[in-house]
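The values are calculated or read from the model by the stated rules, or taken from the named source; none is laboratory data. Since we're looking at a predicted model, the values are computed, not measured. Cβ placement follows ideal geometry from the backbone for every residue including glycine, while neighbour counts extend to all protein chains displayed. These accessible areas exclude ligands, DNA and RNA; they are computed on the full protein's heavy atoms, side chains included. Shrake-Rupley method; radii C 1.70, N 1.55, O 1.52, S 1.80 Å.
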Amino acid sequence: MELYVLFGTFVFLLLIGTPVAFCLGVSSFATIAYLGLPPVVVFQRLNSGVSVFALMAIPFFIFAGDLMVRGDIARRLVALAGAFVGHLRGGLGQVNVLSSVMFGGVSGSAAADASAVGGLMVPQMKERGYDVDYAVNITVVSSIIALMLPPSHNMIIYSIAAGGRISIADLFTAGIVPGFLLALTLMIAAWWVAKRKGYPVQPFQGFRMIGTLFVSAAPGLVLVAIIFGGVRSGIFTASESSNIAVVYALLVTFFVYRSLSWNDFVEATLAAVRTTAMVLLVIGCAASFGWLLAYTKVPASMVALLQGVSDNPIIILLLLNVVLLLLGTFMDMSPLIVITTPIFLPVATAFGVDPVHFGVILILNLGIGLCTPPVGAVLFVGCAVGRIPVWDAVRSIWPFYGAAFGTLMLVTYIPALSLWLPSLFH
Amino acid sequence: MKNTMKSVVLVTGLLARAALWVAGVGLVAMTALIAAQVFWRYILNDSIIWTEPASVMIMGWFIFLGAAVGIREGYHLSFDVMLYLVPERVKLILYSISDTAVAGFGIGMIWFGWQLAAKTAANKLPGLGISGAFDFAPLVAGGILVVLFSIERVARRAAGLPTARFGEDAVEQ
Amino acid sequence: AAASCEITLRSSDTHPDGYPTVAAVNAMGEMLKERSDGRLCIEVFHSAQLGEEKDTIEQTQFGVIDMNRVSLGPFNNIIEETQVPSLPYIFRSVGHMNKVMDGPVGQQILDAFSDHDLVGLAFYDGGSRSFYNSEKPIASIDDLAGMKFRVMQSDMFVDMVSALGANATPMPYGEVYSSIQTGVIDGAENNWPSYDSSGHFEVAKYYTLDQHLIVPEVLVMAKSSFDKLSVEDQALVRQAARDSVPVMRDLWIAREQTSEARVREAGVEIITDIDKTPFIEAMVPVYEKYVTSTVLQQMVADIQATN
Ligand code: NA
Ligand code: NA
């Protein structure tokens, strides 16, 4: 019965438009009251849920991303990507994907990536005769790459949701091959659609140009090296390297590029505060929700239920993927990571799935959910950047969904794609 | 009614701006503290033991203040799809129910945050040496603003003023 | 008489399923169930499902959960009596610690919980913590000079390491391995099972058995939950808790031996031949700082007088 109260209140509030964080918080509050337990625990979980040192990497990475967009680092990365792949069929589509690899590798936020890369690419693509929906589609789906490549704060959220016992460095490394695989399949999809529609080709700009743009974008690329090298080698923790990312982005934009004005700095700071407060409040409220799930033994019953359905790990993984995709269609990423990890991770490990591998599956899966209606933050951002209705984007997006889903299947059933690279470091 | 509301909104607008700025200063302070910790640990080969608990506490402040402002500015993630199906008048009623629920949660943040602070007031926080009650101060302060801004939304709606929602452009004042 | 449970006591533990403390509370639950004809049961929420120790202590105080197995560390800033067994080098050996905790001093600490909405039920064994490092075999206090050790975030442990002439670096447990590996810190300190399970022995292969901390763990109950029980049931709970202690100690010793064997096999250098006197003498300022009241001074004297 208490589960009906918990999920009933949650769904009702969600449907009447209550912010997700408060749906989680208020439904936990209602359930505690129903159980006759002291409600103080809801607020204690909320407070402890946000008072975790490892969470600090999230505001820092978001802050660094905002500084890079406002301080010209993002634009230079896009220009470099253009020199590499702009001459291929559907060239600017390819540039869009590759930009996400480079910028997403720095920012780790799909929404930041979609707004940064989309804001730069969509107008250019329109101008060169590409359809807006094509531009938006590719901007939206390729921003999932940002979630897979280090540093991804979603990997940090997952590690914390799993009890803080999964190495963040391993998760970061595990996302790399799947991230590049996704980039590859999306570039193929972009090429295929471009060919069918007869989109224009740009001339190759030459190696000299690549060299020039490389030098101009180098500080941005160095940032990737610092973050990944620092965390992977174990010299820095994720929180420390995210902090270094902020300091470095400030130094580069203030002193090297001289591209960041005081106003830009203030705007970047306030934007980071808004995004972070939103994400972390969800995490805090989900801690209350998660406490109730544990208290009412939901994870254990979920394991039993799924074990009753099948004992074949392939089927179980497929079921988990379907459930996550469905949930991801309705809800946003960070709350879903925090809510589903304690439930599904025990199921997955009971069937012999490595927790690091499962993290990659989970994030790719929920990343696809960010791009799908009815609630897809990244889809909304993409449509806002392209100024087109959601429906116009979704009508023609299926080749890109197909590429992402195909990648998801490969990543799910070939554990080595995720686990091979981390194993090299052990 | 509408004019009174407009002057009230001016005050709450300033309050939100102030809270957002405090949160922004918090983010910058946190950046500086951790940067100092990194510098001390790796360059000076020494360690500062209070930067970590201090920055976790600052993080609490900017999350709860930023989250409260988010109610006013409408930047929290929400799910509006079902509401497209209902008439405008019903939608406004549902929005007000939702804001009331949020206000109720804000009251919980104040009330139970206070209880937690009272229970832990005599404890000393490791590394900082201050009372354990400080751990819950951001929760209480954020709660006060959550209640205030939620009530403001309901009142605005009653007065026929617009309220900001996720995915829409910000509503000025 | 397998009647269904009338009362299920929910107990929290941060350790994983199968860990000696979890197994002991489960064993206590079985005894309780049998002795109450199936009326009283215990359900253990292991692996920190309900939160970390600081959080679950508050939950127990508010009566949200009924029982809790926790370290004494998080109580140090709440209940002053719990600081005494947390003092460095206060116990000469694990045997000495067990004897003290089974005696009047232990009872005095258990009683102190009642002023904080808790009922102290029993003490469990937490082993003894010693220093390990990646640099050199430490045999005397001079060897510690200038070295960097990770400690838990606790003022007393930071002061302890400083008093020994080394640098204390509080950091999350999960970061210790790579920090030792990359030389950010020289070492850390822990008991045999954790030295083994964390894999720290792979990167820090000098283990000096100075046993600076021999801190028991404690099983507490929410006062509100305890008061709801009949006097007979309260007695049953107290007795079952006491009877779970030998179960826990046996499991703990077995686990320590397994870990020790595994670590020794990996070629770790174990330093046992040390004169602890200078270490103990260095603790005088620490004791002066933390043993402030006459109650605590008397407790320290009582412990030192226990043979
Ligand atoms: Na893109
Ligand atoms: Na979605």
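Under a plain spin-label model, where a point goes 7 Å from the Cα along Cα-to-Cβ, how far apart in nm are C:Lys289 and C:Arg249?
Distance between the two pseudo-spin positions: 3.3 nm.
For the pairs B:Lys119/C:Lys54; B:Lys124/C:Lys289; A:Lys297/C:Lys54; C:Lys33/C:Lys223; B:Lys124/C:Lys54, flag any whose C-alpha to C-alpha distance is greater than 19 Å. Please report the intermediate quantities before stating the final value.
Values: B:Lys119/C:Lys54 13 Å; B:Lys124/C:Lys289 15 Å; A:Lys297/C:Lys54 22 Å; C:Lys33/C:Lys223 21 Å; B:Lys124/C:Lys54 13 Å.
Pairs exceeding the cut-off: A:Lys297/C:Lys54; C:Lys33/C:Lys223.
Leaving out ligands, DNA and RNA but keeping every protein chain, what accessible area does A:Cys23 have, in Å² rounded to the nearest 10, with a 1.4 Å probe?
Accessible surface of A:Cys23 is approximately 0 Å².
At q = 0.17, 0.19, 0.20, 0.21 Å⁻¹, what log₁₀ I(q)/I(0) does segment A:1-156 have when each alpha carbon counts as one equal point scatterer in the Debye sum?
With no solvent term, the Cα-only Debye profile gives -0.92, -1.03, -1.09, -1.15.
Based on the Cα coordinates of segment B:2-158, what is the per residue volume of their convex hull in Å³?
Values: hull volume 19.0 nm³, N = 157.
Each residue corresponds to 121 Å³ of Cα convex hull volume.
Could you work out, residue by residue across B:112-119, how many beta carbons of other chains sit within 10 Å of that residue's beta carbon, and then give the average as an integer?
5
If you stretched the chain out fully between A:Val11 and A:Asp311, how much longer would it get, using 0.36 nm times the residue separation minus the C-alpha to C-alpha distance? All intermediate terms of the calculation are to be shown ahead of the outcome.
Numbers: separation 300, 0.36 × 300 = 108.00 nm, distance 3.08 nm.
Full-extension gain reported as 104.9 nm.
What residue among A:Gly406, A:Leu364, A:Gly230 has its Cα farthest toward the positive end of the dipole of segment A:1-424, where the charges are +1 on Lys, Arg and -1 on Asp, Glu, each on the Cβ?
Going by the Cα projections, it comes out as A:Gly406.
Please give the length that would be gained between B:Ala29 and B:Lys6 if that part of the chain were fully extended, namely 0.36 nm times their separation in residues minus their C-alpha to C-alpha distance (nm, one decimal). Mind showing how you got there, number by number?
Details: separation 23, 0.36 × 23 = 8.28 nm, distance 3.43 nm.
Gain in length upon complete extension: 4.9 nm.
Report the net charge of residues surrounding B:Lys119, where surrounding means a beta-carbon distance below 9 angstrom and charges are Lys +1, Arg +1, Asp -1, Glu -1. Write down the numbers at each step before the final one.
Values: positive: none; negative: C:Glu58, C:Asp117.
So the environment of B:Lys119 carries a net charge of -2.
Given the C-alpha atoms of chain C, compute the convex hull and give its volume per residue in Å³.
Values: hull volume 38.4 nm³, N = 307.
So the per-residue Cα hull volume is 125 Å³.
Top to bottom by accessible area (1.4 Å), largest first, where do A:Glu240, C:Glu217, B:Glu73, A:Glu127 land?
On the way: A:Glu240 0, C:Glu217 25, B:Glu73 50, A:Glu127 155 Å².
Reading off the accessible areas and sorting them downward yields A:Glu127, B:Glu73, C:Glu217, A:Glu240.
In deg cm²/dmol, rounded to 500, what helix-only [θ] at 222 nm does chain A give when every DSSP H run of at least 4 residues adds -39500 (n - 2.57) and the total is split over its residues? Mind showing how you got there, number by number?
On the way: 23 runs with 337 residues, N = 426.
Dividing the helical sum by the residues of chain A leaves -26000 deg cm²/dmol.
Report the accessible surface area buried between chains B and A, summing both sides, using a 1.4 Å probe on protein heavy atoms only, in Å² rounded to the nearest 100.
Numbers: alone 10910 and 17290 Å², together 23330 Å².
Answer for the B-A pair: about 4900 Å² buried.
Report Rg/Rh for chain A, rounded to two decimals, where Rg is the Cα radius of gyration and Rh the Kirkwood radius.
Working: Rg = 21.2 Å, Rh = 21.9 Å.
Value, to two decimals: 0.97.
Report the local net charge at A:Val394: Lys and Arg +1, Asp and Glu -1, summed over other residues whose C-beta lies under 15 Å from its C-beta.
Taking every other residue near A:Val394 into account, the sum is -2.
What spacing in nm lies between the two simple spin-label points modelled at B:Tyr42 and A:Ala350, each 7 Å away from Cα in the Cβ direction?
Each label point lies 7 Å from its Cα, and together they span 4.3 nm.
Rounded to the nearest Å, what's the spacing between the alpha carbon centres of segment B:100-160 and segment C:204-234? Just the number, please.
Using only Cα atoms, the two centres lie 33 Å from each other.
Can you pull the one-decimal nm distance between simple spin-label points at B:Thr100 and C:Cys5, each 7 Å off the Cα toward Cβ?
Roughly 3.9 nm, to one decimal.
Can you list the lysines whose alpha carbon sits under 27 Å from that of B:Lys2, skipping same-chain ones fewer than 8 residues off?
Counting by Cα, and skipping residues close in sequence, B:Lys2 has these lysines nearby: B:Lys91.
List for segment C:174-213: residues with 40 Å² or greater reduction in accessible area, all protein chains versus chain alone, probe 1.4 Å?
In segment C:174-213, residues shielded by partner chains: C:Glu175, C:Thr182, C:Val184.
Given a 1.4 Å probe, show me the residues in segment A:238-276 buried by at least 40 Å² of accessible surface when comparing the whole protein assembly to the chain alone.
Listed by number, the residues meeting the 40 Å² cut-off are A:Glu240, A:Asn243, A:Leu270, A:Val273, A:Arg274.
If you roll a 1.4 angstrom probe over the protein chains with everything in place, what fraction of the accessible area of the protein assembly as shown belongs to carbon and sulfur, to the nearest %?
Working: 21140 of 33710 Å².
For the protein assembly as shown, the apolar C and S fraction of the accessible surface comes to 63 percent.
Helix A:238-251 against the longest principal axis of chain A: what's the angle in degrees, Cα atoms only, rounded to the nearest 10?
With both axes taken from Cα atoms, the answer is about 30 degrees.
Any idea what angle helix B:88-120 forms with the longest principal axis of chain B, computed on alpha-carbon atoms, 0 to 90 degrees, nearest 10?
30
What percentages make up the Cα-Cα pair-distance distribution of the protein assembly as shown when the bins are 10 Å wide from 0?
2, 12, 20, 24, 20, 13, 6, 2, 0, 0
Treating the beta-carbon of each Lys and Arg as +1 and of each Asp and Glu as -1, no other charges, what is the dipole magnitude of chain C about its Cα centre, to the nearest 20 debye?
Working: 23 positive and 45 negative charges, 42 e Å.
Using Cβ point charges on Lys, Arg, Asp and Glu, chain C gives about 200 debye.
How big is the gap, in Å, between the Cα center of segment A:351-426 and the Cα center of segment C:266-307?
If we compute the Cα centre of each part, the gap is 56 Å.
Please arrange A:Ser288, C:Ser47 by accessible surface area, largest first, computed with a 1.4 Å probe and ligands excluded. Present the calculation step by step, with values, prior to reporting the outcome.
Details: A:Ser288 5, C:Ser47 45 Å².
Heavy-atom accessible area, descending, gives C:Ser47, A:Ser288.
Over the Cα atoms of segment C:1-129, how large are the radius of gyration and the largest Cα-Cα distance (Dmax), in Å?
That works out to 15.4, 49 Å for Rg and Dmax.
Round to a whole angstrom and tell me the spacing of the C-alpha centers of segment C:162-203 and segment A:160-203.
37
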